[in-house]
Amino acid sequence: MSLSQQTLSEIVGTLFTEYSRKRGRGKVADYIPALGKVDPQRFGVAVQTLSAQKLSFGDAEEPFSIQSISKLFAFTMAFAERGEKVWERLGKEPSGTSFNSLFQLEAENGIPRNPFINAGAMVITDMLIDDFDDPMFELLSFLHNLTGCNTIDYDEEVYRSELAYGSRNAALCYLMKSFGNIHHSVRKVLDLYFMQCSIRMTCTELAQAVQFLACSGINPLTRTQLLTASQTKRTNALMLTTGLYNEAGDFAFRVGIPAKSGVGGGIVGLIPSELTVATWSPGLNALGNSQLGIDFLEEFTTRTGLSIF
């Protein structure tokens, strides 16, 4: 680390105090009714270095719906299982449109731009149904192994809420099915997709869960190689270029780290060979990302001088 443990702790603590005064920024994702109930004043931050320094502030130990952050872990499982074959049904480019765009998907013959938009994540979900007898069990087990926490599970209320109000996602899935890019029944794919999006984790657990991406693909808890060094590099590149929906470019410009966000208000990011960081603030900006989380992370990389650039 280019910063001492004490210096890092002081910087993060000071930033948390400053940004706590700005709680409530943005608008919670009330188009999913269960998420609309979340207190917009919640704010948590967790930082974990590869030297095992762990910092947590505010609501960092409060579980929340990770939503699209789950796409990162599902993609990792598919990438580890299939290698370069995942790209036969997916692209690697930023979407340039909203995360649930229909017109782009139709224009490009049902091939999603990347695995982190909704359509791409559904293709990954379809792959997991092929690759595992019980893909949800395997995904939760994967998260348990990454975090050392065996209580991580999905939220039944959020899952039911997404099922009831997921018409646009159903439209995306049916469209891809019409192009032959979904192999299983739409209901089966949506069921697993909504279930994975409803997983609840804390900032502290998320910061631990992505340590392997800062550590050349090695899970530091078990010392097992989850992805090759090359696959890890490529996954981090995808996070940088596509991890924050249609705001990835601005996030890279302002913050400068690979990251993945979710409409539950979480953002998890990393600096290879240095640290991982997770924030949670449910208020979203117009592009579906945590407004306070992005502002905090921009100042975090500015004051620490740590980014990938």
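Readers should treat all values here as calculations from the given coordinates under stated rules, not as data from a laboratory. Remember, predicted model here, so these are calculated numbers, not experimental data. Here the Cβ positions follow ideal geometry from the backbone for every residue, glycine too, while neighbour counts run over all protein chains shown.
When 173, 149, 203, 215 are ordered from fewest to most other Cβ atoms inside 10 Å of their Cβ, what list results?
Ranked by crowding around the Cβ, least crowded first: 149, 215, 173, 203.
Assuming a ≥ b ≥ c are the square roots of the Cα gyration tensor eigenvalues, decide whether the stretch 136-184 counts as rounded (a/c under 1.5), prolate (otherwise, with a/b larger than b/c) or oblate.
Cα axes put the stretch 136-184 in the oblate bin.
Quick check on the exposure proxy: order 124, 111 from fewest to most C-beta atoms within 10 angstrom.
The order, fewest Cβ neighbours first, is 111, 124.
How much net charge surrounds residue 104 when only other residues with a Cβ under 13 Å from its Cβ are counted (Lys, Arg +1; Asp, Glu -1)?
Taking every Cβ under 13 Å from that of residue 104, the sum is -2.
What's the angle, to the nearest 10 degrees (0 to 90), between helix 291-304's Cα axis and the longest principal axis of the chain?
It works out to around 50 degrees.
Please grab the % of Cα pairs in the chain that end up more than 25 Å from each other.
43 percent
Using the count of nearby Cβ atoms within 10 Å as a rough guide to exposure, how do 198, 216 rank from fewest to most?
216, 198
How large is the charge dipole for the chain, taken about the Cα centre, if only the Cβ atoms of Lys, Arg (+1) and Asp, Glu (-1) carry charge, to the nearest 20 debye?
Result for the chain is approximately 440 debye, rounded to the nearest 20.
Between residue 273 and residue 7, take the C-beta separation as r, use R0 = 22 Å, and let me know the FRET efficiency to the nearest 0.05.
0.75
Quick check: the distance between the Cα centres of the stretch 182-233 and the stretch 101-179, to the nearest angstrom?
First find each Cα centre; the distance between them is then 12 Å.
Quote the relative contact order of the chain in percent (integer), defining contacts as alpha-carbon pairs under 8 Å separated by 6+ residues.
27 percent.
With n ≥ 4 as the cut-off for DSSP H runs, can you work out [θ] at 222 nm for the chain, using -39500 (n - 2.57) per run divided by the number of residues, rounded to the nearest 500?
-13500 deg cm²/dmol
From the phi angles alone, apply the Karplus equation (6.51, -1.76, 1.60; θ = phi - 60°) to the stretch 222-233 and give each ³J(HN,Hα) in whole Hz, x where the residue is Gly or Pro.
Going residue by residue, I get 10, 6, 9, 7, 8, 10, 5, 4, 5, 4, 5, 4 Hz, with x marking Gly and Pro.
With the cut-off at 21 Å, tell me which of the pairs 92/188; 85/260; 71/188; 37/260; 71/92 have Cα atoms farther apart than that.
Where the Cα-Cα span goes over 21 Å, the pairs concerned are 92/188; 85/260; 37/260.
Using a Cα-Cα cut-off of under 18 Å, which aspartates and glutamates could be cross-linked to residue 233, ignoring same-chain neighbours fewer than 8 residues away?
81, 84, 93, 274
Return the sequence-ordered ³J(HN,Hα) values of the stretch 62-79 in whole Hz as given by the Karplus equation 6.51 cos²θ - 1.76 cosθ + 1.60 applied to θ = phi - 60°, using x for Gly and Pro.
8, x, 9, 6, 7, 6, 6, 4, 4, 4, 5, 6, 5, 4, 4, 4, 5, 5
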